[in-house]
Structures are given as C-alpha cells and as structure tokens.
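Engineer: Let me begin by handing over the structure; questions about it come next.
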Amino acid sequence: MFPWAANSRKQDNLPGTVAKSLEPWLLAGLVMSAVLHSLVAVSRPDLTYVLTTLQAMIYGAFMYCNGASGTSKKLSAHQADLLAAIPSDIRTVLGRLGLEPDIIRYASC
C-alpha cells in the first residue's frame with residue numbers, strides 16, 4: 001500500500017466516500033480525468049481517448065506481470081473486473097466521484 005493511501009483509508013467509514021469502493025490507482029486515474037475536464041477544459045471525446053488509453057496501459061501492465069510471473073497470458077477474473085471498472089466516459093467518472101454539477105436547463109428560442 002502506498003504511504004498516502006494509508007492515511008486516506010482512515011475516512012473509509014464515512015458514508016458516500018469514494019475511497020472505500022475504488023482501488024487507489026483507479027481513483028488517481030479518475031481524479032486526473034476529472035481535473036483535465038474541469039480545470040483544463042479537455043473535451044469529452046479527448047477524455048474518452050485518455051480513459052481508453054488508461055485501460056490499455058493497465059491491460060498491458062497486467063499482461064506483463066502475468067508473463068513475468070509465469071502465469072497464464074490471459075487476464076484473471078479479478079484483473080478483468082478491475083479493467084471493467086474503468087469508465088470510458090467523463091460523465092460516468094464525474095458521477096462516480098460525486099462531482100456532477102447542478103445544472104438548471106432553461107428553454108430558450
């Protein structure tokens with residue numbers, strides 16, 4: 001476990017915290033994409049590329065580790081679940097992090 005993750009786990013018992021349901025590396029990737037979208041104004045299609053690239057990098061890391069340890073060259077069920085937990089849309093990321101903005105839509109002509 002990373003040193004900073006040990007301190008953040010103290011808040012796991014609070015209701016609604018994201019840390020109790022996400023791996024630290026996944027949380028870091030989701031926060032990175034939320035920051036890119038919110039503060040740097042990266043568009044949704046570009047963030048879809050970033051999230052897909054994150055999935056590809058994690059897949060490659062899993063395959064490398066599986067090959068280096070001499071295990072099967074296919075994903076384990078746990079690894080497949082972790083990859084499936086990476087969303088491909090920024091709206092899903094914002095929803096998982098609880099950062100959805102309150103938007104009031106008005107009809108206009």
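The values are calculated or read from the model by the stated rules, or taken from the named source; none is laboratory data. These numbers come from a predicted model, not from an experiment. Reconstructed Cβ throughout: ideal geometry from the backbone, glycine too, with neighbour counts over all protein chains shown. Accessible surface is based on the protein model in full, side chains and every heavy atom, while ligands, DNA and RNA are left aside. Shrake-Rupley method; radii C 1.70, N 1.55, O 1.52, S 1.80 Å.
Engineer: For Arg105, work out the one condition from (1) open to solvent by less than 90 Å² (accessible area, probe 1.4 Å); (2) outside any helix (DSSP H, G or I) it doesn't fulfil.
Structural biologist: (1)
Engineer: Residue pairs, Cβ under 8 Å, 6 or more apart or interchain, first in the range 76-99 and under 15 Å from Leu27 (Cβ atoms), second among the charged types (D, E, K, R) and at pLDDT below 90. List them.
Structural biologist: Taking only residues 6 or more apart or on different chains, the pairs are Leu82/Glu23; Ala85/Glu23; Pro87/Arg96; Leu94/Glu100.
Engineer: Just one of the numbered conditions (1) part of a helix (DSSP H, G or I); (2) touching a Phe, Trp or Tyr at 6+ places or on another chain (Cβ under 8 Å) is not true of Leu75; which one?
Structural biologist: Just one mismatch for Leu75, condition (1).
Engineer: Right, something else. Scan the range 85-102 residue by residue and report those that are surrounded by 10 or more Cβ atoms within 10 Å (Cβ to Cβ), under 15 Å from Ser21 (Cβ atoms) and of a type in the set (Gly, Ala, Ser).
Structural biologist: If the condition is that a residue be surrounded by 10 or more Cβ atoms within 10 Å (Cβ to Cβ), under 15 Å from Ser21 (Cβ atoms) and of a type in the set (Gly, Ala, Ser), then Ala85, Gly95 are the ones that fit.
Engineer: Residues that are at pLDDT 85 or above and surrounded by 12 or more Cβ atoms within 10 Å (Cβ to Cβ): does the range 66-74 have at least one? Before the answer, list the steps.
Structural biologist: Going residue by residue through the range 66-74, those that are at pLDDT 85 or above are 66-68, 74.
Then drop every residue that is not surrounded by 12 or more Cβ atoms within 10 Å (Cβ to Cβ), which leaves 66.
Yes: one or more hits.
Engineer: Take the range 39-62 and flag every residue that is assigned to a helix (DSSP H, G or I), out of contact with any helix residue (DSSP H, G or I) (no Cβ under 7 Å at 6 or more places or on another chain) and either over 16 Å from Trp25 (Cβ atoms) or open to solvent by less than 30 Å² (accessible area, probe 1.4 Å) (or both). Reasoning before the result, please.
Structural biologist: Just the residues of the range 39-62 that are assigned to a helix (DSSP H, G or I), to begin with: 44-62.
Going one step further and asking which of them are out of contact with any helix residue (DSSP H, G or I) (no Cβ under 7 Å at 6 or more places or on another chain), we end up with 45-46, 48-49, 52-53, 56-57, 60-61.
Scanning the range 39-62 gives Pro45, Asp46, Thr48, Tyr49, Thr52.
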